[in-house]
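Let me begin by presenting the structure, written as structure tokens, before commenting on it.
The values are calculated or read from the model by the stated rules, or taken from the named source; none is laboratory data. Being a predicted model, the structure only gives us computed values, none of them experimental. Glycine gets a Cβ as well: all are built from the backbone with ideal geometry, and neighbour counts include every protein chain shown.
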Amino acid sequence: MQDTMTLEQMKTYRGRQEVPENFDKFWNEQINNLPTTPEYKLTLQDFNLPNVNCYELKFKGTNNATIYAKCLFPKTDKKVPVVFTFHGYMAQSLDWSVLLQYPAAGLGVVMMDVRGQSGQSEDNTVFRGNTIKGQIIRGAVDGPEHLFFKDVYLDVYQIIEIISKQSFVDDSKLYSYGASQGGALSIVAAALNKKISLTVVIYPFLSDFKRILELGDQNEPYNELFRYFKFSDPFHTTEEQILNTLSYIDIKNMAHRIQNPVKLITGLDDNICFPSTQFAMYNRLSCDKEMFTLPEYGHEEMNVHVNDKVMNWLSGSTISLHTQI
């Protein structure tokens with residue numbers, strides 16, 4: 001199934017639900033309740049690389065979680081800009097060897113393993129209700145403060161705080177970047193932490209949940225929404241309550257908080273994170289923004305033209321690498 005909206009309709013579409021009245025108050029309070037700097041350990045790895053320092057970062061997240069990240073920085077006497085990049089749903093951080101592309105471009109890179117997924121981060125939260133499949137719905141029966149992704153979003157905030165305070169980091173040049181779940185978390189990074197100065201997003205996940213319900217159960221990442229109603233509430237008596245709770249982690253509702261420039265790449269053939277749900281977020285941005293649509297691409301690996309353009313944006317390069325989109 002493809003998105004049922006035309007491109008012209010998407011250009012003005014802002015989503016099926018409005019932002020909760022206390023949305024900003026909720027997130028400001030969540031952040032204010034965090035420690036100024038969480039307990040953490042940054043451990044240098046002996047990879048014998050002449051031009052790159054590699055570190056493992058572990059820090060204490062909310063609900064007694066342990067959050068793990070890979071951190072790579074070029075060896076230089078100057079303070080370095082840093083890219084916070086995030087992985088897709090159910091996955092983990094990329095291999096060290098893949099992340100070396102960032103120091104090669106003069107950038108530091110930090111890639112966090114999302115708690116409760118495939119990497120080395122450990123989630124110790126106890127949830128009531130569905131824990132069989134999927135993390136979007138986890139904790140939703142007890143309200144927004146109990147949502148699984150609420151804690152992931154706070155992990156994102158805290159890792160930026162930790163890295164920005166390192167003596168070798170240029171905290172005026174902190175960027176967020178990712179695709180799918182990683183795209184959602186890069187939006188969250190900019191929305192919650194004002195130290196982010198540029199955000200690059202590819203087909204973001206976690207947007208416009210009511211629209212997803214309307215479009216139907218088409219794919220694995222959102223299947224858990226449909227499973228909740230099918231097995232826990234087949235008459236949808238709690239639909240309004242559940243959708244209201246999920247609205248606190250809906251990234252389209254984060255858009256108004258972002259002040260830095262955002263660049264969004266969307267495949268118009270995407271049947272996992274439907275284009276209309278991405279436009280719902282994009283159309284709510286009031287910051288400087290650019291959107292690039294690829295008619296032949298879905299939720300898949302983008303080709304070299306896209307990857308080169310992204311690296312140009314992140315590195316501040318003005319060199320054209322034949323990257324028209």
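Just the residues that are buried (at least 17 other Cβ atoms within 10 Å of the Cβ), in a loop (DSSP other than H, G, I, E, B) and at negative phi, please, taken from region 132-157.
GLN135, ILE136, ILE137, ARG138, LEU147
Per-residue answers, yes or no, for (1) buried (at least 16 other Cβ atoms within 10 Å of the Cβ); (2) among the polar types (S, T, N, Q); (3) modelled with pLDDT of 95 or more; (4) closer than 30 Å to ALA104 by Cβ:
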| position | (1), (2), (3), (4) |
| --- | --- |
| ARG257 | yes, no, yes, no |
| PRO261 | yes, no, yes, yes |
| SER286 | no, yes, yes, no |
| PHE292 | no, no, yes, yes |
| GLU301 | no, no, no, yes |
| HIS305 | no, no, no, yes |
| LEU321 | no, no, no, yes |
Report summary line: Given (1) modelled with pLDDT under 95; (2) of a type in the set (D, E, K, R); (3) not in a loop (DSSP other than H, G, I, E, B), ASP3 misses just (3)
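Is it true that some residue in region 278-292 is of a type in the set (A, V, I, L, M) and farther than 18 Å from ALA190 by Cβ? Full working, then the answer.
Initial filter on region 278-292 (of a type in the set (A, V, I, L, M)): 280-281, 285, 291.
Going one step further and asking which of them are farther than 18 Å from ALA190 by Cβ, we end up with none.
Within region 278-292, not a single residue is of a type in the set (A, V, I, L, M) and farther than 18 Å from ALA190 by Cβ.
Determine, yes or no, whether PRO20 is in contact (Cβ under 8 Å) with a residue 40 or more places away in the chain and assigned to a strand (DSSP E or B).
Values: in contact (Cβ under 8 Å) with a residue 40 or more places away in the chain: yes; assigned to a strand (DSSP E or B): no.
No, not satisfied.
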Report task. Determine which single condition LEU192 fails, assuming it passes every other condition in (1) surrounded by fewer than 23 Cβ atoms within 10 Å (Cβ to Cβ); (2) among the hydrophobic types (A, V, I, L, M, F, W, C); (3) in contact with a Ser or Thr (Cβ under 8 Å, 6 or more places away or on another chain); (4) within 25 Å of PRO221 (Cβ to Cβ). Result -> (3)
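For region 172-181, give me each residue that is surrounded by fewer than 24 Cβ atoms within 10 Å (Cβ to Cβ) and either without any contact (Cβ under 8 Å) to a residue 40 or more places away in the chain or under 11 Å from the mean Cα position of the chain (by Cα) (or both).
The answer is SER172, SER180.
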Requested in this report: Output the number of residues of region 62-83 satisfying the condition of being closer than 21 Å to ALA189 by Cα, assigned to a strand (DSSP E or B) and not charged (D, E, K, R).
Outcome: 11
Query raised in the report: Any residue in region 86-103 that is surrounded by 15 or more Cβ atoms within 10 Å (Cβ to Cβ), in a strand (DSSP E or B) and either of a type in the set (Asp, Glu) or in contact with a Phe, Trp or Tyr (Cβ under 7 Å, 6 or more places away or on another chain) (or both)?
Result: no
Report task. Residues being crowded, with 16+ Cβ neighbours inside 10 Å and not in a loop (DSSP other than H, G, I, E, B): count how many of those fall in region 104-131. Result -> 5
Query raised in the report: Only one residue in SER180, SER197 is hydroxyl-bearing (Ser, Thr, Tyr) and on the phi < 0 side of the Ramachandran plot. Which one?
Result: SER197
Requested in this report: State yes or no: is ASP208 among the acidic types (Asp, Glu) and surrounded by fewer than 20 Cβ atoms within 10 Å (Cβ to Cβ)?
Outcome: no
Query raised in the report: Is it true that some residue in region 170-178 is aliphatic (A, V, I, L, M) and closer than 19 Å to PRO103 by Cα?
Result: yes
**Report entry** Close pairs from region 103-124: first within 14 Å of GLN135 (Cβ to Cβ) and in contact (Cβ under 8 Å) with a residue 40 or more places away in the chain, partner assigned to a loop (DSSP other than H, G, I, E, B) and among the β-branched types (Val, Ile, Thr), Cβ under 8 Å, at least 6 apart
**Finding:** SER121/VAL114
Report summary line: For region 9-46, the count of residues that are surrounded by 14 or more Cβ atoms within 10 Å (Cβ to Cβ) and under 20 Å from VAL169 (Cα atoms) equals 4
